[in-house]
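Only one structure is covered here, and it is reproduced in the block below.
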Amino acid sequence: MIRTCALTLGAILLASGCGGSSQHESSAGRSPSVDATTSTASAASATPEATESSPEPTLTSEEPAEETSAEESPTSDHLDTDDGEDTTDDDTEPAGDGSVDCAALAGSGTFTDPLRLGSLDGPVTARGCAPLTPGSPFNVRYFSFTLSGSPGSNAHAGASFVLTQDASGPVYPAIVQPNGWVLKHSLGSGYWTGTEPDFTGRYQQIGDLPPGTYILRTEKLDTALHSMTTPSYDVVVDPDSSSY
């Protein structure tokens with residue numbers, strides 16, 4: 001009788017143990033399903049975050065376009081798409097005949113913010129412009145001017161200077177439209193005053209230009225990084241004159 005009870009009790013314990021093991025395996029079997037659901041939910045919740053962050057690369061890629069410095073290289077003017085509407089501000093610029101201190105002109109001297117000579121009814125001279133020196137952007141400076149009427153046959157624009165042993169680089173002028181198109185190149189056109197090697201200036205003829213706004217580019221052409229420096233110079237724009 002005692003042995004029978006022991007066998008019965010053992011059977012009960014064995015059954016109870018199997019039941020516990022079965023319940024544990026079943027619970028363990030459900031765990032991957034729960035984990036997969038959680039992972040799916042996490043992935044789903046991560047998807048909007050990736051979508052929200054996706055504009056950042058787009059903004060970053062646009063930033064260099066705003067900083068493009070086509071800003072001031074003489075060889076990149078033809079790429080400039082500035083329509084020129086902001087290159088002249090008649091309310092802040094000298095106009096008509098006379099002279100003005102170059103340092104007093106409105107503007108910074110870059111292509112997009114040129115030093116502004118204003119609307120011309122007669123010759124204007126910007127005196128004492130700083131030398132053009134090695135290294136970009138110091139080897140080039142821009143001026144804007146507006147021809148209020150048709151220029152005369154002797155109209156010209158350019159730079160007057162005195163070369164010295166320490167400042168032996170001439171100043172070369174070019175005429176550029178506000179949209180960047182070069183009308184008269186520094187070397188392809190233009191003429192000297194004085195006799196070589198003692199040149200006293202270089203100019204572009206502008207008698208063939210229609211009324212409108214133009215950019216006068218003054219530059220040092222002895223390569224941007226060469227040690228040669230120009231002297232200080234005067235910018236001269238005369239819509240109609242018979243003498244230089």
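Each value in this text was obtained by applying a stated rule to the coordinates, not by laboratory testing. Predicted model only: the values in this text are computed from it and were never measured. Here the Cβ positions follow ideal geometry from the backbone for every residue, glycine too, while neighbour counts run over all protein chains shown.
Size descriptors for region 131-181 (Cα atoms only): Rg and Dmax, in that order, 14.1, 41 Å. Relative contact order of region 119-244: 46 percent, from C-alpha pairs under 8 Å at least 6 residues apart in sequence. Taking θ as phi - 60° and the Karplus parameters 6.51, -1.76 and 1.60, the scalar couplings of region 151-158 work out to x, x, 5, 9, 4, 8, 8, x Hz in sequence order, x denoting glycine and proline. How many percent of the alpha carbon pairs in region 124-244 exceed a separation of 24 Å? In whole percent, the share of Cα-Cα pairs in region 124-244 beyond 24 Å is 21. Scanning residues 5 or more positions from Ala155 or on other chains, those with amide H under 5 Å from its amide H are Ile206, Gly207, Ser241, with H placed 1.01 Å from N in the peptide plane.
Computed extension length for Phe138-Trp181: 13.3 nm, one decimal, from 0.36 nm per residue of separation with the Cα-Cα distance subtracted. Projecting the Cα atoms of His156, Leu209, Thr195 onto the charge dipole of region 134-244, computed from C-beta unit charges around the Cα centre, puts Leu209 farthest toward the positive end. With R₀ fixed at 35 Å, the C-beta to C-beta distance from Ser150 to Thr110 puts the FRET efficiency at about 0.75.
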